[in-house]
Amino acid sequence: MYTRRRRAYFLMMGICLVLFVSAWAFVRIWSVPAAIGMCVVALVIPPVAAIVANRRGPEDRWWDEKDGEDGKDDEDPRRRRR
């Protein structure tokens, strides 16, 4: 699951980089409004990529979930109070 989220993140960030570079290297020669539009789309991609990369998968354990069927969390015996 982690690999799929990481791959999606890097794909989205790669698209963002391609949009920025191509907008100001090539597209601005033909159409400045199109280049600005490409940059606006590229500005939206990084927050969406961060949300996708940090999304919890169905089998990922959440920080406050209990392990096992009995609802008890497995504690580290070294951290037990006496």
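The values are calculated or read from the model by the stated rules, or taken from the named source; none is laboratory data. All figures in this text were calculated on a predicted structure; none of them were measured in a lab. Cβ: placed from backbone, ideal geometry, glycine included. Neighbour counts: every protein chain shown.
Give all pairs with beta carbons closer than 6 Å in which a residue from segment 1-13 that is among the small types (Gly, Ala, Ser) meets a residue that is in a helix (DSSP H, G or I); count only pairs at least 6 apart in sequence or on separate chains.
Pairs that qualify, where the first residue is among the small types (Gly, Ala, Ser) and the partner is in a helix (DSSP H, G or I), are Ala8/Val52.
Can you find even one residue in segment 56-63 that is surrounded by 12 or more Cβ atoms within 10 Å (Cβ to Cβ) and either modelled with pLDDT of 65 or more or of a type in the set (Phe, Trp, Tyr) (or both)?
So in segment 56-63, the residues surrounded by 12 or more Cβ atoms within 10 Å (Cβ to Cβ) come out as none.
Within segment 56-63, none of the residues are surrounded by 12 or more Cβ atoms within 10 Å (Cβ to Cβ) and either modelled with pLDDT of 65 or more or of a type in the set (Phe, Trp, Tyr) (or both).
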